[in-house]
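> Have a look at this one before I ask anything.
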Amino acid sequence: MENTISTQERKKKPRLMRLLLALFVSLVILFIAAIFILKTFGKEMPSPLKNFTSQIPFLSSSTSNAVNKVAEQGQSSIYDLKGQLKDKEIQIAQQEAKINEYEEANKKIQLEKETLQKQIEELSVNPKEEKKIVQDIIKVYETISPKAAAPIIEKMDEQQALQILSNIRPEVLARILEKMQPEAAATYTEKLNQNNNN
């Protein structure tokens, strides 16, 4: 019987030891967690507790200083990134302003282009109307006296004069050339001859 009692006592001792060990480990973990939380949030600890924690490697002030340095570096990185972001936003706003200016300038150019196109269309004469106008002018020069027509044609642009002279009836052309200055008559005769040969 003595043997059974000692076996039972032996079984109780390890259970008790395990229970005490678990309780001790739990308290130590809770204590360390409380100290870590206090240090992280920058709370002051009583001096005996400070002395005790300075001996624990991961709770020492050097570790706390390292954590603080990492936090400061992170904070400065955040400020740097915010500054860079603000600079980029300013650059984007400037680029958008330039784009808006270019778009406005482009709109003005398009309006000017459309206005000029309309003016060109209004000023341009279709070929049938132009031919009719030239025919009307030729009829006028055929009806007025050669003495009056010769000085007018001499003062005209050469291309216009050649266009009129090349379409006038030959007998009227001969009388107009006869009333021109000899140099002008020779020039127009030569150019009319070249046009007829081409």
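> Which ³J(HN,Hα) values in Hz, rounded to whole numbers, follow from the phi angles of region 145-151 under the Karplus curve 6.51 cos²θ - 1.76 cosθ + 1.60, where θ = phi - 60° and Gly and Pro get x?
Computed from phi, the couplings for region 145-151 are 5, x, 5, 7, 6, 4, x Hz.
> With charges set only on the Cβ (+1 for Lys and Arg, -1 for Asp and Glu), what does the dipole of region 127-197 come to about its Cα centre, in debye to the nearest 20?
Once rounded to the nearest 20, the dipole reads 240 debye.
> Is there a pair in K132/K155; K131/K191; K88/K113; K113/K139 whose C-alpha atoms are over 27 Å apart, and which pairs would that be?
K88/K113; K113/K139
> Right, another one. Assigning unit charges at the beta carbon (Lys, Arg +1; Asp, Glu -1) and nothing else, what dipole magnitude in debye, to the nearest 20, does region 157-198 show about its Cα centre?
Dipole about the Cα centre, nearest 20: 160 debye.
> Along the charge dipole of region 78-124, Cβ charges K/R +1 and D/E -1, which of G83, A105, T115 sits furthest on the positive end?
The residue sitting farthest along the positive end of the dipole is G83.
> What list of ³J(HN,Hα) couplings, whole Hz, do you get for region 127-133 from phi and the Karplus terms 6.51, -1.76, 1.60, once you set θ to phi - 60° and write x for glycine and proline?
x, 5, 5, 5, 5, 5, 5
> Run the dipole for region 78-124 about the Cα centre, Lys and Arg Cβ at +1, Asp and Glu Cβ at -1, nothing else charged, and hand back the magnitude in debye, nearest 20.
Roughly 180 debye, rounded to the nearest 20.
A short reminder: the numbers here are calculations on the coordinates, not readings from a lab. Computed from a prediction, not measured in an experiment: that's the story for all the values here. Cβ: placed from backbone, ideal geometry, glycine included. Neighbour counts: every protein chain shown.
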